[in-house]
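Enquirer: My questions will all concern the structure given below.
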Amino acid sequence: LKSKARSDSGFGGKSKISVGVVGQPNVGKSSLINSLLRHKAVNTGDRPGITKHLQSLHLDKDITLFDSPGVVVESAAGGFTSEAHLALRNCVPLDKICDLHAPIELILQRCEKSVLMDLYSIPDFSCSAHLLRSVAQKRGKLLRGGEPDVDAAARAILKDWNSGVLKYYTLPPVPDESRILETSVVTEFAKEFNINDM
């Protein structure tokens, strides 16, 4: 950026650059700006929604950085990603999630049962409701009458997911061999491109 700002603007002076940092909530936009400025200029945190409005900061006299609140974009299918998917990406604060059981269903699709059983020291379970009851009982999250507080258990599991306590990984996709048209070993460089030959 600094080399670009030092270049001639075409009007006889140096060019001024404005850089906007845009992305989903809680992906590190403010942390990137703090890193570039080499001091804590904007607030950061592990919760979405810390940055409430657009902020402009000067990296130097020629470069201005803009820190923006998180943006949730439409999915390719034409609608916004479901609230459950956004919860797993930590784009929505846990207290704003209407249905806490939907993200738990997605976690069960992604994680092995054994990982959850080992982490929470619970017996085998058959569904998300059984998982939530077991976690609530194990952690002592009970309502009046000794009934397990499944919403508190769901919040605890989501917090563990978003903070990285609940380990999850996915294997890369297997390449489709039918899509490879031709392979060959290159023994020499191709002829250089010359615009005058066109």
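Enquirer: Add +1 for every Lys or Arg and -1 for every Asp or Glu among the other residues with Cβ under 11 Å from the Cβ of residue 161, and state the total.
Expert: Details: positive: 89, 110, 155, 159, 167; negative: 160.
It works out to a net charge of +4.
Enquirer: In bins 5 Å wide, starting from 0, what share of all Cα pairs of the chain does each bin hold, as a percent?
Expert: Per 5 Å bin, starting at zero, the Cα-Cα P(r) for the chain comes out as 1, 6, 10, 11, 11, 10, 10, 9, 10, 8, 6, 3, 2, 1, 1, 0, 0, 0 percent.
Enquirer: Tell me the per residue accessible area of the chain using a 1.4 Å probe; a whole number in Å² is fine.
Expert: Details: 14010 Å² over 198 residues.
Accessible area per residue, the chain: 71 Å².
Enquirer: Which cross-chain or sequence-distant (5 or more) residues have an amide H under 5 Å from the amide H of residue 142, H modelled 1.01 Å from N in plane?
Expert: 149
Enquirer: Provide the percentage of antiparallel DSSP beta bridges, counting only those with both residues in the chain; round to the nearest 5. Please report the intermediate quantities before stating the final value.
Expert: Working: 8 of 13 bridges.
The antiparallel proportion sits near 60 percent.
Enquirer: Pairs 29/61; 40/138; 138/159; 29/113; 113/138; 16/52: which exceed 28 Å Cα-Cα? Let's see the in-between values first.
Expert: Numbers: 29/61 21 Å; 40/138 40 Å; 138/159 16 Å; 29/113 34 Å; 113/138 16 Å; 16/52 26 Å.
Distance filter (> 28 Å) returns 40/138; 29/113.
Enquirer: Continuing with the same structure: May I ask you to give the percent of accessible area on the chain that is carbon plus sulfur, with a probe radius of 1.4 Å?
Expert: Details: 7470 of 14010 Å².
Looking at the chain in its full context, I get 53 percent from C and S.
The values are calculated or read from the model by the stated rules, or taken from the named source; none is laboratory data. Because the structure is predicted, anything quoted here is derived from the model rather than measured. When we count neighbours, we look across all protein chains shown, and the Cβ atoms used for this are built from the backbone with ideal geometry, even at glycine. For accessibility, only protein heavy atoms count, side chains too; no ligands or nucleic acids. Shrake-Rupley method; radii C 1.70, N 1.55, O 1.52, S 1.80 Å.
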